[in-house]
Every structure is written in C-alpha cells, then in structure tokens.
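Contents: one structure, followed by commentary.
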Amino acid sequence: MNQIVAVLDFGSQYTQIIARRIRECQVHSKIYHFSTPAETLRAEGVIGIILSGGPSSVFAKDAPIPDKAIFDLGVPVLGICYGIQLMGHLLGGKVSKSSHREYGHGTLRVKSAGRLFAGLPRTLKVWNSHGDRLIALPPGFKAIGTTENSEYAAIEDRARSFFGIQFHPEVFHTERGIDIYKNFLFGVCGAKHSWTMRSFIDHAIADIRKTVGKGRVILGLSGGVDSSVAAALIHRAIGKQLTCVFVDNGLLRKGEREYVTELYAKHFHIDLRVVDASRLFLKRLKGVSEPEQKRKIIGRTFVEVFEKSLKSIGHAEFLAQGTLYPDVIESVAIGNNPAALIKTHHNVGGLPERMKLKLLEPLRELFKDEVREVGAKLGLPKEVVWRQPFPGPGLGVRVLGEISRDKLDILREADAILYQEMKDCGWYWKVWQSFCVFIPVKSVGVVGDERNYAWVIGIRVVESRDAMTADWTRLPYDLLQKISSRITNEVRGVSRVVLDISSKPPATIEWE
Ligand code: XMP
C-alpha cells in the first residue's frame, strides 16, 4: 500500500484520468500540487513521478515549475506533454515556442522500444494536444519515438530512468496507452500489484479501528452511493459503535425510506435512526416557488434537523462522511481546467466545528468507480452501488414552483413507474439519470367520456460522464409509449406526459 506513484498536477484536464489509469493497473497513485517539495514526495515513499500535461507554456511568466530536486530523488520520472517540455527546459534541452496547438491524432514511430514501449507495435496512433515542443535533447537523453511533427515525441535518459512523451497515453484515443503506463510502472518503477480494493478494505478497517478506538461515530445516511459505502465500511470495522441518521425530508422517492430501513437496519443490522421531519420541511416550503430559495430552506432545515437528532443520540466523537478523492485534491487553476471549477461542499453546514466532532472520511482516497467496487465487495446490492445520482434537495427541485404534498405524491407515483420500466428493460443502468418532473400546468384530456383537466409529467433521461455536459437519451419509442400510457392510466391527476429533448448545455439536467 505504501508504493505510491506521484502525479504532479500542472493543471491538465487529464490529471485525474492519469491517476485513475495507474490505479486500474493496481498501483496506488496520488495527485500532488506541482509545487510539492521533493522532500515531501520522498517522505511519502514515492517510487515514481509523472509530470502531467497542462495548458501553460514553459515560457509563460507564471509558468508552473516544480521543485527541481525531484530530479535528484533517484526515482523514475515520466513527463507527459507539458511534462516533457518541462524536462527539456529544466534539464538542459531546448523548447520551441509555438503560437498554435497541435491537437488530434498523430502516428508515433517507435525508434527503440526500450523499457517504455516494450512489447508494443512499432507504430501507434497517439493523441496530441500541445503547443510548444522540444527541439533539442537535454544531455543524457536520446529520442526513442518520432511523430509527423516531432523528432522528439518520445525521449529517454536510460541511466536516470527519465522518460518524456509528447502525447497523452491516458486518453482512449491513444492506442495501447495503458500498456505504456504498465511498462513505466512495472518495468521501470518496479511497482507491485498492491492497490486492490480488497487490500484497501483491510487497511481501511484497521485504520478506522485505530482512529476511533472505543469512540462513537455518527453518519448522515442519504441512501446515495458514497454515504452507503462509508456506512457499510465503518460498520464492518466498528459495528455498534456506528449510528446512522436518515432524515425523511418529505421529498424522497416512493419507497425510499422503507428501502433504506430494510437494507441497513434489517439486513446489515446497523443502528439506524430514521427522523421523520417531512412536516417541518413541507411547512417551511409552503408558498415558496423560487428554486434557489427552496434549496436554501431545504439545506438549512436539514442541518437543523440533523443537529437536533445528534443531541438526542447522545455523545459521539466522530462525524463520518462519504467524501471522495476528487473532493480533496487541491485543484490547480491554470487556464480553463474544469477540475478547478468543481467545488464540493462536504461539511454539513460547519457541523463538525460547532459540535466539536472529529471528521472520519474513510473514502477520501478513492475515486467513484473504486467506491462502487468497495461497496460491492462489502455486499451492498447493485441497486445501491450503481444507483443513479439523486440531488440533495430531492423531489423539492423536481416539483417545479410551489411544493405541496399532493403534487409530491403524484410525482412519486409517476417516477416509480418510470424507475420500474427502466429497470425492467435494463436501460436504467445504461443512462446517467432517468426521472420524472412535475410540471405545474394543467392540460385537458379525456377519461372515458369525461373531460379531465389535470397535470403534466415530464420525462427526463440523460447520458453523461460527469454531469458537466449531458445529452438526452434516445429511448426506444415502444418503451416511451409504455411508460407514458402507464403514467396517464395509473396516476390520478395526470392527463399528459411529455419528453424532455434538451441537452446540457444549454439546459441543465434538473429543471430547477
Ligand atoms: P444540473 O441540473 O446542474 O445537475 O445539470 C447536475 C447534477 O447535479 C445534480 N444536482 C444536485 N445535486 N444538490 C445536489 O446534491 C443540488 O442542489 C443539485 N442540483 C442538481 C443533478 O441531479 C445532476 O446529477
């Protein structure tokens, strides 16, 4: 577990992907700010360093430059894109400034396979995205690969185990990119296959026991993937010392409260306290129709209810949270690196400080896909591990405008039909999110011979990788027809079903 390969982040949009590719090879990778002192890396037991790409130019006034002592640590270094230029610039080569970026496919011709390209074909399709490029090698280096536009697309200093590549092996457009990483990790750095979720679970359990001792831990269970896996892991470690609190805010999906109770209390035997605060939430939301105001009320009320429930549970030392690795990486804001724009709020309203609770975050080293694997290994069902994201304010942002119990009930029924149909045919697992929205417009329909003046339900199904962009899913017409006719036939108060065919941008995924 202590064999770490460091990814120094120079602001590339691919930094997290590099770290994930390394972990897919069962090697522990961690992302570090580009300015991290070499001594820190040595103390952490780093066995190899990868210099990420980045939008900057080594000639820029404020170019991100690492601690030069990283080259004296005696560990292998692989510079990617901006990383190779940095190596050229800092180790005595020459970089040429370019006014435009070379972007897209290129063909790499391997001149000498060496350790980096061992076992790979002599020509490879690679993905380029760079401006400047290396035009003279630093002392000790030789070229091991060329592309159409670059004599030094891949370079090596054999004695020091330093490598540089101009292209991006972490993106799927680069052929056999994962094998280049494997060669670097196992062939050059001498890494072992020690990062597995099995070994993570064993270490995490030992860690939790050591940290918590005989103390008590409280966890706010939302039913989402992260808090569920955190609960299962902590429970495995300390059993009854963990108490979970599940707040019913009246904005949950149909059957959610019962499902959570059944799974965690009955199946896992977790000490689960269900707090029914639905009346309070709905009372506070009465007459409010502005989306941001609704969100604020829901957030504030949640903190209040949660805090009150902690007092009634009694003394605890720790508050557990399902914080993930992307939430804790210190982002490098250079150019338009999207990772720098994503901010997650993971301290429930500053509760830990106010209540003098210590934070316990057993998943803070993991990416989402790793959390899912841990959840599955701990015995959580597919329905939880692969569940679609659900917004914190729940159905509160899916009943448009003012919320009422009646509207929520209608939405819950319609949404349950959509969920069941999507799951039955398997589409549920293929899309990012699929849900209904309550549109507060009445339209005319007919039931038997009677005129039916009733509400409209919208269907929203999207595909996405990270929710930053999304495209509406082209569901089969037969499936849409079945969902629509079931909703209009089975849900009283609905006369019409409409399909949302907007992408993000310009629309957002949720309607509010
Ligand atoms: P939008 O609507 O912004 O949603 O395209 C992007 C993703 O975020 C979820 N979402 C929220 N999650 N609190 C949350 O915890 C919120 O207020 C919230 N609003 C949107 C949404 O479901 C989608 O996955």
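The values are calculated or read from the model by the stated rules, or taken from the named source; none is laboratory data. The shown structure was predicted, so the numbers you read here are calculated from the model rather than taken from an experiment. Don't worry about glycine lacking a Cβ; one is built from the backbone with ideal geometry, like all the others, and counts go over all protein chains shown. Note: accessible area is taken over every heavy atom of the protein model, side chains too, but ligands, DNA and RNA are not part of it. Shrake-Rupley method; radii C 1.70, N 1.55, O 1.52, S 1.80 Å.
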Seminar exercise, completed: In the stretch 438-492, anything touching a residue at least 60 places away in the same chain (Cβ under 8 Å), surrounded by fewer than 16 Cβ atoms within 10 Å (Cβ to Cβ) and either acidic (Asp, Glu) or away from the ligand (no atom under 16 Å from the Cβ) (or both) is listed as 482, 490, 492
Exercise. Of all residues in the stretch 374-406, how many are open to solvent by 50 Å² or more (accessible area, probe 1.4 Å) and either within 17 Å of residue 419 (Cβ to Cβ) or within 13 Å of the ligand (Cβ to nearest atom) (or both)?
Worked result: 6
Exercise. Does residue 199 meet the test of being of a type in the set (Ser, Thr, Tyr) and open to solvent by 30 Å² or more (accessible area, probe 1.4 Å)?
Worked result: no
Seminar exercise, completed: Of the residues in the stretch 169-228, those that are at pLDDT 95 or above, part of a loop (DSSP other than H, G, I, E, B) and of a type in the set (Phe, Trp, Tyr) come to 195
Exercise. Consider residue 44 against the criteria (1) open to solvent by 20 Å² or more (accessible area, probe 1.4 Å); (2) touching a helix residue (DSSP H, G or I) at 6+ places or on another chain (Cβ under 9 Å): it satisfies all of them except one. Which criterion is unmet?
Worked result: (2)
Seminar exercise, completed: The residue from 133, 160 that alone is in the same structural domain as residue 49 (by TED's automatic domain parsing), surrounded by fewer than 24 Cβ atoms within 10 Å (Cβ to Cβ), in contact with a helix residue (DSSP H, G or I) (Cβ under 9 Å, 6 or more places away or on another chain) and under 16 Å from residue 52 (Cα atoms) is 133
For this session: May I ask you to verify whether residue 414 is in contact (Cβ under 8 Å) with a residue 40 or more places away in the chain and open to solvent by less than 20 Å² (accessible area, probe 1.4 Å)?
Result: yes
For this session: Name the single residue, out of those in the stretch 1-37 being among the hydroxyl-bearing types (Ser, Thr, Tyr) and under 23 Å from residue 468 (Cβ atoms), that is most open to solvent (accessible area, probe 1.4 Å).
Result: 14
Problem set entry | Subset tally (residues that are under 19 Å from residue 84 (Cα atoms) and more than 18 Å from the chain's Cα centre (by Cα)) for the stretch 8-34 | 4
Seminar exercise, completed: Reported set for the stretch 493-507 where residues are free of Cβ contacts under 8 Å to residues at least 12 places away in the same chain and either surrounded by 13 or more Cβ atoms within 10 Å (Cβ to Cβ) or over 29 Å from residue 292 (Cα atoms) (or both) is 507
For this session: Run residue 84 past the list (1) buried (at least 22 other Cβ atoms within 10 Å of the Cβ); (2) more than 20 Å from residue 184 (Cβ to Cβ); (3) modelled with pLDDT of 95 or more and report the number of the one that doesn't hold.
Result: (2)
For this session: Please specify each residue of the stretch 98-118 satisfying the condition of being open to solvent by 70 Å² or more (accessible area, probe 1.4 Å) and part of a loop (DSSP other than H, G, I, E, B).
Result: 99, 100, 101, 111
